[in-house]
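Read the structure below first, then the notes.
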Amino acid sequence: MTSQPKIKVYYNSACPVCKAGIETQMGKESRCEIRWNDIHTHRALVSEVSSDIEFVRERLHVIDESGNLHIGFDAFLAIWRASTHERWKASMLGIPIVRQLCSFGYNLFAAALYRWNKVKKRW
């Protein structure tokens with residue numbers, strides 16, 4: 001039994017861009033255990049984040065070690081905080097004005113990517 005903190009990441013493997021990003025992140029060292037939850041292959045996992053499946057398909061969701069839910073760009077910040085060599089990203093990009101700009105850009109990109117995947121009938 002491990003006493004390491006755990007985070008849970010909820011992502012959509014049906015999106016090739018999302019899948020590639022998550023697979024890259026999976027290969028990186030972490031300071032805590034990360035459970036990678038693919039909501040495309042395990043739809044019931046969406047209930048863990050109390051969200052609509054379409055919203056989880058559109059935006060990354062993370063539950064951190066304290067049980068707090070992070071969505072979108074904030075989910076990336078949570079993953080980077082848990083990643084040994086990427087905490088610097090969370091520190092730099094988590095500065096309030098920078099975080100707001102990154103969050104805005106992420107939301108635009110996520111919405112466009114979601115629409116592209118719907119057009120391609122990936123789910």
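A few points about this structure:
- With DNA, RNA and ligands ignored, accessible area of Val98 (1.4 Å probe; Å², nearest 10): 50 Å²
- Dipole of the chain [Lys/Arg +1, Asp/Glu -1 at C-beta], most positive-end residue of Thr24, Ala90, Ile7: Thr24
- Split the accessible area of the chain by element, probe 1.4 Å, and carbon with sulfur accounts for 58%.
- Pairwise FRET efficiency - Glu65 versus Val98, Cβ, R0 = 25 Å, nearest 0.05: 0.60
- Long-range amide H partners of Ser30 with built H, under 5 Å: Thr84
- The residues of the chain expose, per residue, 58 Å² of accessible area to a 1.4 Å probe.
- Whole-Hz ³J(HN,Hα) from phi, Karplus 6.51 cos²θ - 1.76 cosθ + 1.60, for the stretch 46-62, glycine and proline x: 4, 4, 5, 10, 6, 9, 6, 4, 5, 5, 6, 5, 7, 10, 4, 10, 9
- Computed from phi, the 3J(HN,Hα) profile of the stretch 7-12 under the Karplus parametrisation 6.51, -1.76, 1.60 (θ = phi - 60°) reads 10, 10, 10, 10, 9, 10 Hz, with x in place of Gly and Pro.
- Net charge contributed by nearby residues that have their C-beta within less than 15 Å of Ile53 (K/R +1, D/E -1): 0
- Heavy-atom accessible area order for Phe76, Phe104, largest first, 1.4 Å probe: Phe104, Phe76
- The order of Val9, Val17 by accessible area, most exposed first and with a 1.4 Å probe, is Val17, Val9.
- Formal net charge of residues neighbouring Lys118 (Cβ-Cβ distance under 10 Å; K, R +1; D, E -1): +3
- Calculated [θ] (222 nm, deg cm²/dmol) that DSSP helices of n ≥ 4 give over the chain, each run adding -39,500 (n - 2.57): -14500 deg cm²/dmol
- Highest-fluctuation residue, Arg59, Arg31, Arg81 considered, GNM on the chain with Cα pairs under 10 Å: Arg31
- Each residue of the stretch 80-94 was assigned a 3J(HN,Hα) from its phi angle through the Karplus expression (A = 6.51, B = -1.76, C = 1.60, θ = phi - 60°), giving 5, 5, 8, 9, 3, 9, 10, 4, 4, 4, 4, 5, 5, 7, x Hz with x at Gly and Pro.
- Cα-centred dipole magnitude for the chain, charges only on beta-carbon of K, R (+1) and D, E (-1), debye, nearest 20: 380 debye
- Taking the DSSP beta bridges with both ends in the chain, the antiparallel portion is around 55 percent.
- Local electrostatic count, Trp80, Cβ distance below 10 Å [Lys/Arg +1, Asp/Glu -1]: +3
- Rel. contact order, % - alpha carbon contacts under 8 angstrom, at least six apart, the chain: 25 percent
- Surface accessible to a 1.4 Å probe, His85 within the full protein complex, Å²: 130 Å²
- Scaled radius of gyration (Cα, divided by 2.2 N^0.38 Å) that the chain gives: 1.03
The values are calculated or read from the model by the stated rules, or taken from the named source; none is laboratory data. Keep in mind the model is a prediction, meaning the values are calculated, not measured. Cβ: placed from backbone, ideal geometry, glycine included. Neighbour counts: every protein chain shown. Calculation scope for accessible area: heavy atoms of the full protein, side chains included, ligands and nucleic acids excluded. Shrake-Rupley method; radii C 1.70, N 1.55, O 1.52, S 1.80 Å.
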